[in-house]
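The values are calculated or read from the model by the stated rules, or taken from the named source; none is laboratory data. Every value quoted in this text rests on a predicted model; they were computed, and no experiment measured them. We place every Cβ from the backbone using ideal geometry, glycine too, and count neighbours over all the protein chains shown. Areas reflect the complete protein model, heavy atoms only, side chains present, ligands, DNA and RNA absent. Shrake-Rupley method; radii C 1.70, N 1.55, O 1.52, S 1.80 Å.
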Amino acid sequence: RVQLGESTEVRRLLPNLGRRMVGAWAFVDHYGPDDIADEPGMQVPPHPHMGLQTVSWLHEGEVLHRDSTGSLATIRPRELGLMTSGRAISHSEESPRPHARFLHGAQLWVALPDAHRGVEPHFQHYTELPT
């Protein structure tokens, strides 16, 4: 269990004592389902990333993504947020106001290959995905 920001606890499936990485997956975090009706929900203040991608996927709730490239997006269930930090990015994640009662999702962290670690940072929000 890992505390993220002020109020969100994730279960970090990777890394663990027996395995630091599986292929390119540096972290696999799962959160919820959490009843946040009377709480602020996710409140992860701005923080930096370098040399990786994060893949955010929600089952319930919403997460507002904001970053240093100017991206601002609300990720909803069955949508995908893909942040490529490359040479460096700073971002925050928070539950919008007002927000849904439940928050449930996962975030996968991908270690970028050496040849791509210095790319320009960017964020992609996919609202239409295969089902």
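Data table
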read-out: Net charge dipole size for the stretch 38-131 [Lys, Arg +1 and Asp, Glu -1 on Cβ; Debye, nearest 20]; value: 120
read-out: Environment charge at F123 (Cβ cut-off 12 Å; Lys +1, Arg +1, Asp -1, Glu -1); value: -2
read-out: The stretch 43-131: C-alpha gyration tensor shape, a/c 1.5 cut-off, then a/b vs b/c; value: prolate
read-out: Global geometry of the stretch 31-82, whether rounded, prolate or oblate, following the gyration tensor of its Cα atoms and the 1.5 cut on a/c; value: prolate
read-out: Paramagnetic reach from R117 in the stretch 82-108 [backbone N under 18 Å; point 7 Å along Cα→Cβ]; value: 84-90
read-out: Furthest towards positive pole of dipole, S90, L108, T8, structure part the chain, Cβ charges; value: L108
read-out: The chain - percent of accessible surface contributed by carbon and sulfur, probe 1.4 Å; value: 55
